[in-house]
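Novice: This is the structure I want to talk about, given as structure tokens.
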């Protein structure tokens with residue numbers, strides 16, 4: 001019997017804890033909309049996102065809170081099962097899934113508790129600002145990138161083509 005990659009669930013927990021701590025810090029230390037310039041391309045700016053990625057559905061009237069929460073919950077269950085079924089030797093696949101799971105749960109907690117996701121990281125160039133994001137969003141993006149690379153060039157992808 002193969003050993004499962006469930007051992008990587010600790011990474012999801014680290015993401016959730018780091019995400020929730022930084023969101024708490026931002027929410028208690030920054031004023032809404034305040035821009036704290038740290039670098040010529042990076043601010044801390046507290047905003048609340050009631051929608052999905054890039055504020056999609058932000059003005060939908062409130063129903064999106066429950067639909068997005070349910071979707072995040074279902075995706076999280078699927079990711080847990082996927083990690084449990086992933087052989088331990090497929091390390092990068094498990095790491096990517098664990099990062100996405102941690103990010104999904106981190107944002108789910110916000111959405112369930114507050115009805116919005118706390119964002120505070122603001123990357124910009126001159127007057128163009130990327131939509132504000134948080135640690136959970138960063139983990140999801142990094143995890144998705146790892147999955148793409150693993151699918152294209154990883155040992156897991158090569159082994160599954162037999």
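Novice: Cα axis of helix 135-153 to longest principal axis of the chain: angle in degrees, 0 to 90, nearest 10?
Specialist: 30
Novice: Once you have all Cα-Cα distances for the range 88-127, histogram them in 5 Å bins from zero and send the whole-percent values.
Specialist: It works out to 6, 19, 15, 15, 15, 13, 12, 4, 1, 0, in whole percents.
Novice: Could I ask something else about it? So what is the 222 nm mean residue ellipticity for the chain from helices alone, if each DSSP H run of at least 4 adds -39500 (n - 2.57) and you divide by all residues, rounding to the nearest 500 deg cm²/dmol?
Specialist: Here the helix-only value at 222 nm equals -19500 deg cm²/dmol.
Novice: Sticking with this one: Give me the Kirkwood hydrodynamic radius of the range 5-159 in Å, from all C-alpha pairs, to one decimal place?
Specialist: Mean inverse Cα-Cα distance, inverted, gives 16.3 Å.
Novice: If I build a Gaussian network model for the chain, linking alpha-carbon pairs within less than 10 angstrom, which residue out of 43, 134, 107 has the largest mean-square fluctuation?
Specialist: 43
Novice: Rounded to the nearest 5, what % of DSSP beta bridges with both residues in the range 5-159 are antiparallel?
Specialist: If we restrict to bridges inside the range 5-159, about 95 percent are antiparallel.
No value in this document is a laboratory result; all are computed from the given coordinates. Keep in mind that what you see is a predicted model, and the values were worked out from it rather than measured.
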